[in-house]
Amino acid sequence: MASDGARKQFWKRGSSKVPGSIQHVYGAQHPPFDPLVHGTLLKAMPKVPTTPVKAKRVSTFQEFETNTSDAWDAGEDDDELLAMAAESLNTAVVMETAHRVLRNHSQRQGCPRPSGAPEPSVEPSVEPPAAPSGDLRLVKSVSESHASCPEGNASDAVPLQRSQSLPHAASVVLGGVPEPSVLSSSALSEREASRLDKFKHLLAGPNTDLEELRKLSWSGIPKPVRAITWKLLSGYLPANVDRRPATLQRKQKEYFAFIDHYYDSRKDEAHQDTYRQIHIDIPRMSPEALILQPKVTEIFERILFIWAIRHPASGYVQGINDLVTPFFVVFICEYIEHAGIPHRALGRVADVVPPPSWAVGSLAAGHQALDDEDADSADISRVPEDALRNVEADTYWCMSRLLDGIQDNYTFAQPGIQMKVKMLEELVSRIDEQVHRHLDQHEVRYLQFAFRWMNNLLMREVPLRCTVRLWDTYQSEPEGFANFHLYVCAAFLVRWRKEILEERDFQELLLFLQNLPTAHWGDEDVSLLLAEAYRLKFAFADAPNHYKK
């Protein structure tokens, strides 16, 4: 890893770019998380809380651990992960991995390749049958196999021997190309499949338990069931399955009645300024490949204009336009799926409304799945009109539900945002006084960077895929968009404390805070951010005087 000075120089060279550009991530505050490695270590050592916990708060802390188990894997998942890992591994896989490690290490240390080690294979080997589930040995230590090397290299081999007893070390660099870990990928897929089964089981009942759905969704929602889960958590769809078809039809009919009644008034003098501002703002949104498609532009203009007309207390305010994109992307992903996967298995809205004929044809033709990360470049013109109408209506109503909870962010003078920025400043002054004092000494005001964080819900700070993952949790939290977002912003700011403290200039500090290097962020980064935000909420939400001076 590059030194701190080198990283600083790298940023300063990149800071000459146009404001708004995003730089690469160059160092995370927390080490990458490997649940299998962590599970192995937890088996070897007793679990000890990292911070002292009072006896009277034991039950609360256990609840805290349970709710954030996906972030640092503290809970009951260890045995499950170990069992899944054991099922996907046998002796042949272990020995093949060991030979590759030895061969690579021998080349680096000048050792001859062991005579028993096979030559590298160009074709990927077929995974042998799984070992019996009773064998919980993840990866056999190969430290004894290094005896073929000269004794002079023994000290150099110690770190390698130690690491090879851990699951994550199964990934070995051969020819400069990293080979995926058979263990990690299979265990991860098993865990994802298990989570998806839990969602499908919960959604399949006649009445969905929304409280249980929130608990399950906090740690992220699988893509195949994300659309219907968002609609349920936002209150758009009822928990009762039998009521959903009628609700969808009624709400979609109601939305297009608004279009017929109000949309032509965009040309009137009273509303033309609103429509003009919407028309100007939409091309500035991201992702550009999606937004600049004419059909998408028309849909977004209708949604935003109808919402502004029906909410005269705030009207249209810049920033509201960004909140349309996540809903639209998630809901459009319902309509292009993996070929051959039944609609019922995916838990989508088609469970309660028969899929249109075009959707069945798409499945038969083998259309590729549309991922959240791929939707920003999807050709919407190929999606049938009736599907687009459904997506448009669903997006409008779910966005309206979100804005109902944070409307004071967009009323005159935006008092909600003003208050939340002030609360953020007070909170950071308590949790990291050094960062707060550093910003104050260089005359950087929180409104200069955090106003956008509140106005756009961090959508301009992180990639779209991260926003979607954040919103999984926001919709699971009570008043997630209104209250929990404050703690996410505090954790987000402190996440960059090292880089912030290195900067000694007002301009450099502000430029960094307005162009944070999150382009390569993924689910792991978001999970760590949410875990830290939950810790802050746990400490401060019920004790506001703790962060008020």
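The values are calculated or read from the model by the stated rules, or taken from the named source; none is laboratory data. Bear in mind the structure is a predicted one, so any value in this text is a computation, not a measurement. Positions of Cβ are generated from backbone atoms using ideal geometry, with glycine treated the same way; all protein chains shown enter the neighbour counts. Surface accessibility is based on the protein's heavy atoms, side chains included, excluding ligands, DNA and RNA. Shrake-Rupley method; radii C 1.70, N 1.55, O 1.52, S 1.80 Å.
Observations
- Shown for the range 208-263 is the translational diffusion coefficient from the Stokes-Einstein equation, using the Kirkwood radius over Cα pairs, a temperature of 37 °C and a viscosity of 0.692 mPa s: 259 µm²/s.
- All Cα-Cα separations within the range 403-544 were binned at 10 Å from zero, giving a P(r) of 11, 44, 38, 7, 0, each value a whole percent of the pairs.
- Descending semi-axes in whole angstrom, ellipsoid equivalent of the range 393-459, from the Cα gyration tensor: 29, 11, 10
- Stokes-Einstein diffusion of the range 252-302 at 25 °C, 0.890 mPa s viscosity, Kirkwood radius from Cα pairs, rounded to a whole number: 206 µm²/s.
- Length released on extending from ALA539 to PHE412, taking residue separation times 0.36 nm less the Cα-Cα span: 42.5 nm
- Stretchable slack from ARG243 to GLU192, in nm (0.36 nm times residue separation minus alpha-carbon distance): 15.4 nm
- Simple Cβ-charge dipole of the range 265-330, Lys/Arg +1 and Asp/Glu -1, about Cα centre, in debye nearest 20: 140 debye
- Normalised per residue, the accessible area of the range 380-421 is 41 Å², obtained with a 1.4 Å probe and no contribution from ligands, DNA or RNA.
- FRET efficiency for ASN207 and ARG389, using Cβ-Cβ distance with R0 set to 30 Å, rounded to 0.05: 0.60
- Note on ILE280 and GLU508: the model spin-label points, each 7 Å out from Cα along the C-beta direction, lie 3.6 nm apart.
- Radius 11 Å from Cβ of ALA387, net charge of other residues (Lys, Arg +1; Asp, Glu -1): -3
- Cross-link check: pairs LYS200/LYS231; LYS215/LYS498; LYS223/LYS537; LYS231/LYS253 evaluated at a Cα-Cα cut-off of 23 Å; pairs beyond the cut-off: LYS215/LYS498; LYS223/LYS537.
- Peptides 468-477, 378-387 ranked from most to least packed by the mean count of surrounding Cβ atoms within 10 Å: 468-477, 378-387.
- Efficiency of FRET from Cβ geometry, GLN272 and LYS295, R₀ 35 Å, rounded to 0.05: 0.95
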